Every structure is written in C-alpha cells, then in structure tokens.
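A short reminder: the numbers here are calculations on the coordinates, not readings from a lab. Computed from a predicted model, the values in this text were never measured in an experiment. When we count neighbours, we look across all protein chains shown, and the Cβ atoms used for this are built from the backbone with ideal geometry, even at glycine.
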Amino acid sequence: MQEDDVLMTRAAWLYYVGGLNQEATAKRLGTTRARVNKLLSDARDAGLVSITINPSNVGLLPVEEAIRTRYGLNFCICTPALRFDTPGKHDDALLAPFAFRAVGAAAASHLRRHLSETPRAVIGTGWGRTLEQMTLQMAGVSAPGARFISLMGSLTANSAYNPFEVVHSLARTSGGEGFFLPVPFIADTAEAREVLVSQQSVQHALSLAKAATMAYISLGELREDSLLRRQNMITAQELSELRECGAVGDTNGLFFNAAGAAVDHPLNHRTIGLGLEDLRKIPTVALVAGGSKIDAVRGFLASGIATGLVIDGDTALDLISVA
C-alpha cells in the first residue's frame, strides 16, 4: 500500500509539476498510461492534488451580483453551470457529484485566502459532502496558527464528512490545531442535552466556536433521500413531522422554515452545537451543491444569517429565477 502511495505521488508530481503528459509519465514510471490515469484520479480524490480555477471568466458574475444584492450578502461565488444544453431538464442525480466537487473547490479557494490574510484564524465547520470536498482541495496550505473547530457534535458513523473528520483533515493539511465538541450530534432528550452542554469541556469548545473568524456550513434538504435520512440520523416519522412544522431545510441539524426561523420541533431542542442566532454573530458562509437544496437555500438566505454563499451555477440560476 505504501508503494502505491509513493507511485501516486511521483505520478502527480511528474504530470502536474513536471509538465509531462500521461504517456511520458507512464514511461518515466515504467507503467501503463491507464495506470497513470488511475493514479492521477486517486491523487485528486485523496487530496494530494488540489486544482484551483480562476473564476473571473466563468460567465456568472451577473448572477453572483444579483444573488448578493437580493440577500444582502458580502459575497456570492457561483461555480460554472453545466446544463446549458438542456435548461430546466437536468438530471440532478447526474449533476450532483460535479456540484459537490465544484463548490468544495471554490470554498477551499475562499478558505485559502482567509487563512493567508488571518494568521490566527479560527475556522468553524459543519459537516457534509461539500465540506468533505473542500478538505480535499487544501493540499499545500500552511497555516500553523489557525484553529479549526466543529460547530456541532459528532456523528455516530465514521465517514469522511463527519465533523470530526472534517476538522481533523483541515488541521492535518494546514498544520493548525483541531478542536471538537465532545458530544453527540443529537442528544437523546432535551434534558440530556442540557447536561451535556453544561460540561466544562463543551463550554470551552462552544466559546471557541463563537469566536470563529469564518464559519463554513452546508445546507440540507428535507427529503427521504437526504443525507440525514440515509445516515438514519432522523426517522421517517420525524421527517414528516418537520415538514408539517413548515421546515424546508437544516444546517448542522438545526431545522428552519421558509423565513429562515427555527421550527418548533423536539429535534431543535436536542441538537448540540451553535444555534442559528450564534451563527448570525459570526461570518458565516453557506455552501450549497445540488438543485435539491433550492428550498433550503432560499429559506436560509431569508434569515439574513449568511454573510457569504458558495453555490453551484445550476442551482444559482434556479435561485435567481424566482422573484
């Protein structure tokens, strides 16, 4: 396995830094072009290679400005739209993987700038596939003075988009420090939540999170195939109840309605982490990837909490098309 990692690193260096094409890289390594192609793909997936694209010519600047103005944001970053040939007839399942990667890369670029401008940055993070992709695009960043803190408790399942893994990856890549809320994502009861939150270690972590110089959070949709349901973090009955309460989405397990206000549901009294009003007090960047999040992003932006938005181009076009 170690030999494979070494070969992957050498292939990435020869191709991206050395400027060799895949055929020449294969000859230098004594392997096949197909093998080099797989090694380069693995290097990107592992975060060994991060690709930055200058967004100045992607063609969605008017959309970015329209969204920024409409919702009172400090900035809006749109990735290129992919469905130019079939407007309104896109397959979200097909575009979603590209959207996650594109938004993750754009968010990583924003985070890189913040870390370079703020040597003692405190970065708050949520969870999800978009944030996972952001961590994979941080190769080569050095920020030893930065601190990364999860804004929510940890999931029970071990996955790359668990808040623990997101923080660990960012700290490891940058050389900074990682901090966590040593509690579960959702407590068993509201009473149990109060006991857990009262612990000194939890209070210390929450204080650090409230001092974040930038927070990156993702938004979730309320559908049966949402990540919350697929990971069994909420039940089908709870999903139905949340919809009946008027919920249109969540961020870090905080469920909100079309006006961006927290709904009155027991889950909102059991989730452990920074609340919506806490997020309002710190610079908060919402990451949105995929057309299924359209209701969630409308609701969250209506709250006025977000100071910035990173969104895939296709969803951005849908967002701005509704008056």
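Dipole of the chain (Lys/Arg Cβ +1, Asp/Glu Cβ -1, origin at the Cα centre): which of Phe100, Val49, Val248 lies farthest to the positive side?
Going by the Cα projections, it comes out as Val49.
For the ranges 126-135, 219-228, 111-120, what's the packing order if you count other beta-carbon atoms within 10 Å of each residue, average per peptide, and put the highest first?
Per-residue Cβ counts within 10 Å, averaged per peptide and sorted highest first, yield 126-135, 219-228, 111-120.
Pulled fully out, how much extra length does the chain show between Ser198 and Lys281, if you take 0.36 nm times their separation in residues and subtract their Cα-Cα distance?
Working: separation 83, 0.36 × 83 = 29.88 nm, distance 2.14 nm.
Residue separation times 0.36 nm, minus the Cα-Cα distance, leaves 27.7 nm.
Quick check on the chain: of the DSSP beta bridges with both residues there, what percent are antiparallel, nearest 5%?
Beta bridges within the chain, antiparallel portion: roughly 30 percent.
Multiply the residue separation of Glu238 and Thr32 by 0.36 nm, subtract the distance between their alpha-carbon atoms, and state the gained length in nm to one decimal.
Length gained, Glu238 through Thr32: 69.0 nm.
So what's the back-of-envelope 222 nm ellipticity for the chain, counting only DSSP H runs of four-plus at -39500 (n - 2.57) apiece and dividing by all residues, rounded to 500?
-13000 deg cm²/dmol
Let a ≥ b ≥ c be the square roots of the eigenvalues of the Cα gyration tensor of region 179-323; is it rounded (a/c under 1.5), or, if not, prolate (a/b larger than b/c) or oblate?
Cα axes put region 179-323 in the oblate bin.
Please give, to one decimal in nm, the separation of the simple spin-label points placed at Thr189 and Asp45, each 7 Å out from Cα toward the Cβ.
4.5 nm
Using a Gaussian network model on the chain with a 10 Å cutoff between Cα atoms, which of Asn232, Asn252, Asn162 fluctuates the most?
Asn232
For region 97-195, what does the alpha-carbon gyration tensor say about shape, rounded, prolate or oblate, given a ≥ b ≥ c as the root eigenvalues, a/c under 1.5 as rounded, and a/b over b/c as prolate?
Because a/c hits 1.5 or more and a/b fails to exceed b/c, region 97-195 counts as oblate.
Any idea how far apart His265 and Ser116 come out in nm if each label point goes 7 Å out from Cα toward Cβ?
Taking the two extended label points, one gets 4.1 nm.
Could you give the DSSP H helices of the chain that reach 24 angstrom or more along their long axis (alpha carbon positions) and whose average Kyte-Doolittle hydropathy is no lower than 0.0?
92-117
Determine the equivalent ellipsoid of the chain by diagonalising the alpha-carbon gyration tensor, then write out the semi-axes as square roots of 5 times the eigenvalues, largest first, rounded to whole Å.
The answer is 33, 24, 19 Å, longest axis first.
So what is the relative contact order for the chain, in percent, with contacts set as C-alpha pairs under 8 Å and at least six apart?
Values: 609 pairs, mean separation 62.0, N = 323.
Across the chain, relative contact order equals 19 percent.
Suppose every K and R has +1 on its Cβ and every D and E has -1 on its Cβ; what is the size of the dipole of the chain about the Cα centre, in Debye to the nearest 20?
980 debye
Around Gly176, what is the net charge, scoring Lys/Arg as +1 and Asp/Glu as -1 over all other residues with Cβ under 12 Å from its Cβ?
Computed value for this residue: +2.
Given the options Leu206, Leu151, Leu196, which has the most mean-square fluctuation in a GNM of the chain, springs set between C-alpha atoms less than 10 angstrom apart?
Most flexible of the set in this elastic network: Leu196.
Counting only the backbone N, which residues of region 178-210 are under 18 Å from the spot 7 Å out from the Cα of Gln231 toward its beta-carbon?
179-188
Of Lys210, Lys38, Lys293, which is the most mobile in a GNM of the chain whose springs link Cα atoms less than 10 angstrom apart?
Of the options given, Lys38 has the highest mean-square fluctuation.
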